[in-house]
Amino acid sequence: MIYREAGQFKTTYGADQAVFPIRQDRWFVLVVVAAAFVVPPLVADEYWLQAVLIPLLVYALAAIGLNLLTGYAGQLSLGTGGFMAVGAYSAFKLTTAFPQVNIILVFLLSGLVAAGVGLVFGIPSLRIKGFYLAVATLAAQFFLIWLFNKVPWFVNYASSGTITAPNRTVLGVLVTGPNATAPMRYLVALGLVAAGALVAKNLVRGRIGRSWMAIRDRDIAAEIIGVRPLQTKLLAFGISSFYCGVAGAELVFLFLGSAETLAFDITQSFLVLFMVIIGGLGSILGSFLGAAFIILVPISLTNAPHAVGLTLPVALLKQFELMIFGGLILFFLIVEPHGLARLWQIGKEKLRLWPFPH
Amino acid sequence: MSALLEIRDVSKAFGGVQAVTGVSLDVQKGEILSVIGPNGAGKTTLLNMISGFYHPDTGRIALGGRDVTRLAPSRVAELGVARTFQNIALFKGMSVLDNLMLGRHVRMTSGVLKSFVYWGLAQREEITHRKRVEDIIDFLKIQDLRRRPCGSLAYGLQKRVELGRALALDPEALLLDEPMGGCNHEEKEDMARFVLDVNEEWGVTIVLIEHDMGVVMDISDRVAVLDMGAKIAEGTPDEVRADPLVIHAYLGEAKTSGNGGPRG
């Protein structure tokens with residue numbers, strides 16, 4: 001009843017190719033984004049912002065990055081953690097060397113460094129595909145972590161081997177470092193992921209996104225119609241790594257505060273890959289849904305017994321949490337192998353007709 | 001008359017199998033040239049060499065006087081050679097519209113920076129090319145299929161969309177590999193009509209591989225016959241039909257092999 005597109009006629013191709021061609025979608029998304037900027041900083045407490053929402057946004061950005069590469073361009077990668085580490089260590093080096101440079105700019109520059117590294121490790125993709133490529137990107141993961149562990153220059157010769165986010169301001173307000181408030185960090189993370197999602201959407205609905213999907217669906221036919229495989233794949237690796245790099249920098253500067261290479265080990269690569277698979281390959285929305293699923297479900301499972309007045313031993317609770325979480329992943333993959341984004345889409349299709357069956 | 005496509009003495013072997021042996025062929029600008037021959041005669045290999053997917057072992061191929069023998073497929077496409085495939089090679093997860101827009105890939109220029117912003121230059125380019133794609137959609141009468149994913153379409157329609165994707169390139173030369181294979185009678189007639197219209201109205205030169213002799217003899221200006229990798233005849237449909245070598249290639253086997261079937 002409420003979700004009807006009847007009577008919305010498009011008279012230009014521009015309107016037909018809009019991100020959200022249906023009016024209700026457009027308003028819904030605008031309201032959600034506006035609410036995301038206003039509501040949590042006002043009502044959410046420190047715990048929610050710092051432990052739930054900020055990592056959710058940071059991982060969503062990484063998931064968008066991996067989704068561009070794996071979901072759109074069809075190149076399987078297990079190097080996400082490594083590329084995130086490149087972003088984090090670049091941001092640390094850059095901002096300690098040039099403290100006066102705006103931290104947002106530092107994040108973006110770190111993304112560029114990660115993009116460069118991603119390009120190099122994307123070169124094998126011209127020759128190898130699928131699982132074999134995944135193994136090749138694994139090399140990136142292990143090599144980069146090894147490099148950051150071995151070369152003390154990357155941590156400014158700190159004996160602890162950790163990188164720590166210094167105090168940095170944006171427009172006079174502290175956003176990173178131990179004294180930055182959670183709402184400010186949240187707003188920075190939200191602003192970056194919102195901009196990142198918009199840019200990603202613009203990429204995938206145009207010429208570049210189509211060439212990625214062509215390579216994914218049928219690389220030979222793509223080449224015959226004029227898509228250059230090497231450039232297209234490397235571009236996907238570069239842009240994907242840019243996103244992962246910015247997300248890695250955010251992970252240290254906005255979420256963890258300080259980190260060692262352990263924060264970027266192979267489990268991070270898997271975590272982001274799971275987000276992309278559960279959320280939906282080839283969907284920007286899916287990247288958010290996947291990140292939300294992976295971050296929120298364990299937290300709510302931990303808090304659920306307490307909320308209903310049940311007190312369980314912590315160790316037992318942890319076991320239950322893992323079991324139920326694993327079960328839920330299996331359940332959603334069986335119900336909808338194309339991910340949460342597809343479920344959302346089906347729901348919308350149903351809503352168009354509701355309350356009528358046809 | 002000037003030859004748009006000059007194929008000079010090309011040969012291609014795969015391991016020990018000689019797929020194409022010393023074939024020379026001129027495709028004149030604006031004609032429909034059919035390449036026929038029994039299965040395994042090397043027709044598709046010849047097409048693959050023209051589109052740069054394989055490179056010939058010997059010989060050369062020129063397009064409009066320019067040597068394209070060693071060019072990559074994407075470069076050949078940029079020069080205006082489009083093709084369809086024997087076993088449909090659409091991007092199945094994508095909509096019909098996206099498939100056709102992809103066909104215009106080489107005609108578009110938006111790079112990363114323009115695409116980041118989208119509004120402005122990239123959008124203007126999208127709209128310009130969308131108009132051209134809509135012309136093709138109208139021409140092929142697939143207006144109602146724009147948003148459908150290609151994988152969900154019936155076989156004959158997929159063939160039609162694939163033709164559309166090739167046309168979207170605005171090709172000089174269009175290579176069609178069995179566009180009517182597996183289609184029913186009605187779909188074949190439609191396709192034959194499209195091929196003729198493309199040739200007459202848009203002046204596109206067409207190289208056609210097809211097994212349906214009725215269609216081939218009807219719509220071709222000239223016919224070339226391949227057998228076991230070599231060209232055995234070339235000429236107008238009537239000349240080819242009467243050529244004893246052609247008759248032998250198609251029917252001779254049945255007389256000598258004794259089990260009655262044409263070579264499969």
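The values are calculated or read from the model by the stated rules, or taken from the named source; none is laboratory data. None of these values were measured; they are calculated from a predicted model. Reconstructed Cβ throughout: ideal geometry from the backbone, glycine too, with neighbour counts over all protein chains shown.
The set of residues in region B:117-130 that are in contact (Cβ under 8 Å) with a residue 12 or more places away in the chain and more than 7 Å from chain A (Cβ to nearest Cβ) comprises B:Glu125, B:His129. When the residues of region A:224-241 are filtered to those that are without any contact (Cβ under 8 Å) to a residue 24 or more places away in the chain and surrounded by fewer than 23 Cβ atoms within 10 Å (Cβ to Cβ), the one that is nearest to B:Asp98 (Cα to Cα) is A:Arg228. Of the residues that sit in region B:213-241 and are without any contact (Cβ under 8 Å) to a residue 40 or more places away in the chain and acidic (Asp, Glu), which one is nearest to B:Ile32 (Cα to Cα)? The residue in question is B:Asp218. Checked against the criterion of being part of a loop (DSSP other than H, G, I, E, B), farther than 30 Å from A:Lys233 by Cβ and in contact (Cβ under 8 Å) with a residue 24 or more places away in the chain, region A:7-17 contains not a single residue that satisfies it. Taking region B:68-81 as the range and being surrounded by 17 or more Cβ atoms within 10 Å (Cβ to Cβ) and facing chain A (nearest Cβ under 7 Å) as the test, the residues that pass are B:Pro73, B:Ser74, B:Ala77. Restricting region B:125-177 to residues that are in contact with a strand residue (DSSP E or B) (Cβ under 8 Å, 6 or more places away or on another chain) and of a type in the set (Asp, Glu) leaves a set whose member that is nearest to B:Ala3 (Cα to Cα) is B:Glu172. Tallying residues that are more than 7 Å from chain A (Cβ to nearest Cβ) and at pLDDT below 90 within region B:97-116 yields 5.
For B:Ala168, are the conditions met, namely being over 22 Å from A:Ile224 (Cβ atoms) and either among the acidic types (Asp, Glu) or surrounded by 20 or more Cβ atoms within 10 Å (Cβ to Cβ) (or both)? No, not satisfied.
Residues checked against (1) more than 24 Å from A:Lys93 (Cα to Cα); (2) more than 14 Å from every other protein chain (Cβ to nearest Cβ); (3) touching a strand residue (DSSP E or B) at 6+ places or on another chain (Cβ under 6 Å):
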| residue | (1), (2), (3) |
| --- | --- |
| A:Ala194 | yes, yes, no |
| A:Ser211 | yes, no, no |
| A:Ile220 | yes, no, no |
| A:Phe237 | no, no, no |
| A:Ser241 | no, no, no |
| A:Glu260 | no, yes, no |
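Just one residue in the set B:Met101, B:Met49, B:Met94 is aliphatic (A, V, I, L, M), under 25 Å from B:Leu157 (Cα atoms), in contact with a strand residue (DSSP E or B) (Cβ under 8 Å, 6 or more places away or on another chain) and crowded, with 17+ Cβ neighbours inside 10 Å; that residue is B:Met94.
Of note, A:Val246 does not satisfy the criterion of being farther than 15 Å from A:Gly282 by Cβ, of a type in the set (A, V, I, L, M, F, W, C), within 7 Å of chain B (Cβ to nearest Cβ) and part of a helix (DSSP H, G or I).
Within the set A:Ala139, A:Ala189, the sole residue that is under 25 Å from A:Thr267 (Cα atoms), part of a helix (DSSP H, G or I) and touching an Asp or Glu at 6+ places or on another chain (Cβ under 7 Å) turns out to be A:Ala189. Checking each residue in region A:81-101 for being part of a helix (DSSP H, G or I), surrounded by fewer than 24 Cβ atoms within 10 Å (Cβ to Cβ) and in contact (Cβ under 8 Å) with a residue 12 or more places away in the chain picks out A:Lys93, A:Leu94, A:Thr96.
Of the candidates B:Ile36, B:Ile32, B:Ile50, the single residue that is more than 30 Å from B:Met101 (Cα to Cα) and under 14 Å from the mean Cα position of the chain (by Cα) is B:Ile36. Does region B:83-96 hold any residues that are at the interface with chain A (Cβ under 7 Å from one of its Cβ atoms) and of a type in the set (A, V, I, L, M), and which are they? If the condition is that a residue be at the interface with chain A (Cβ under 7 Å from one of its Cβ atoms) and of a type in the set (A, V, I, L, M), then B:Ala89, B:Met94 are the ones that fit.
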